[in-house]
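*Asks:* Got a structure for you, written out below as structure tokens; questions coming shortly.
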Amino acid sequence: MSDRTPTIGVLALQGDVREHLTALATADALARPVRRAEELDDIDGLVIPGGESTTMSKLAGVFGMLEPLRAFIRAGKPVYGTCAGMIMVAEKILDGREDQETFGGVDMIVRRNAFGRQNESFEAAVEVAGIDGGPVEGVFIRAPWVESVGAEVEVLAEHGGHTVAVRQGNVLATSFHPELTGDHRVHAFFVDMVRNAACGDPGRI
Ligand SMILES: NC(=O)CC[C@H](N)C(=O)O
């Protein structure tokens, strides 16, 4: 594991950017907002925040970020998507806008607003594989769930019989928002993924 403090960007096109910057800083990373493709060259990993994936997708197109982000993910740089960010790293979306583009990276089908129909917003204790110290408090806000995954995808957590956290190699995704609680263990887990990737170890769990 590298001792260097990793620099982690938060995609700042739309969504709860500030909360992720704070959580990453607490988890011992240098955190900075990223809005332009050139800024991807200076970061070791990227968080895609929660927000509204249709807007984020549209803005990514307008700002010329779709292809650079796809290349960033393909290059093996660690990426963590929360909620709308999870949708953005899915290969396929259900209940999305017809022309909604994603960055991809995780071979999964994600259903937008899946929990939202019954219940707009709720919190639940979620046991996440690889996160020690008991369940994390999952904040679900019009959250997606993972409908199905390909063979390369590890399911890390489920809630109510639905997959809510996954990892495929360098890409981590959760339906819920750990940045909205004071518990930054999921961010610390991601910072470790970034450290391990920076020293050439894919750091699979
Ligand atoms: N909290 C969230 O990020 C909500 C995601 C939102 N429902 C979407 O489809 O993008």
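No lab work stands behind these numbers, since they all come straight from the coordinates. On a predicted model such as this, the values are computed, not experimentally measured, just so you know. Note that each Cβ is placed from the backbone with ideal geometry, even for glycine, and that neighbours are counted across all protein chains shown.
*Asks:* Residue check: is residue 131 more than 12 Å from the ligand (Cβ to nearest atom) and touching an Asp or Glu at 6+ places or on another chain (Cβ under 7 Å)?
*Replies:* Criteria not met by residue 131.
*Asks:* Sort out which residues of region 143-179 are more than 20 Å from residue 10 (Cβ to Cβ) and part of a loop (DSSP other than H, G, I, E, B), and write them in order of number.
*Replies:* If the condition is that a residue be more than 20 Å from residue 10 (Cβ to Cβ) and part of a loop (DSSP other than H, G, I, E, B), then 150, 151, 152, 153, 160, 161, 169 are the ones that fit.
*Asks:* Looking for something surrounded by 24 or more Cβ atoms within 10 Å (Cβ to Cβ), in contact with a Pro (Cβ under 9 Å, 6 or more places away or on another chain) and not small (Gly, Ala, Ser) - is there at least one such residue anywhere in region 50-62?
*Replies:* Yes, some residue in region 50-62 is surrounded by 24 or more Cβ atoms within 10 Å (Cβ to Cβ), in contact with a Pro (Cβ under 9 Å, 6 or more places away or on another chain) and not small (Gly, Ala, Ser).
*Asks:* Now for a different question. May I ask you to list the residues in region 1-18 that are in a loop (DSSP other than H, G, I, E, B) and over 20 Å from residue 199 (Cβ atoms)?
*Replies:* 12, 13, 14, 15, 16
*Asks:* Considering only region 19-128, give the helices (runs of 4 or more DSSP H) lying wholly within it that have at least 1 residues that are farther than 22 Å from residue 177 by Cβ and free of Cβ contacts under 8 Å to residues at least 60 places away in the same chain.
*Replies:* 53-62, 66-74
*Asks:* Something else about it: Please indicate, with yes or no, whether at least one residue in region 86-94 is of a type outside the set (Val, Ile, Thr), away from the ligand (no atom under 12 Å from the Cβ), surrounded by 23 or more Cβ atoms within 10 Å (Cβ to Cβ) and under 17 Å from residue 175 (Cβ atoms).
*Replies:* No, region 86-94 has no match at all.
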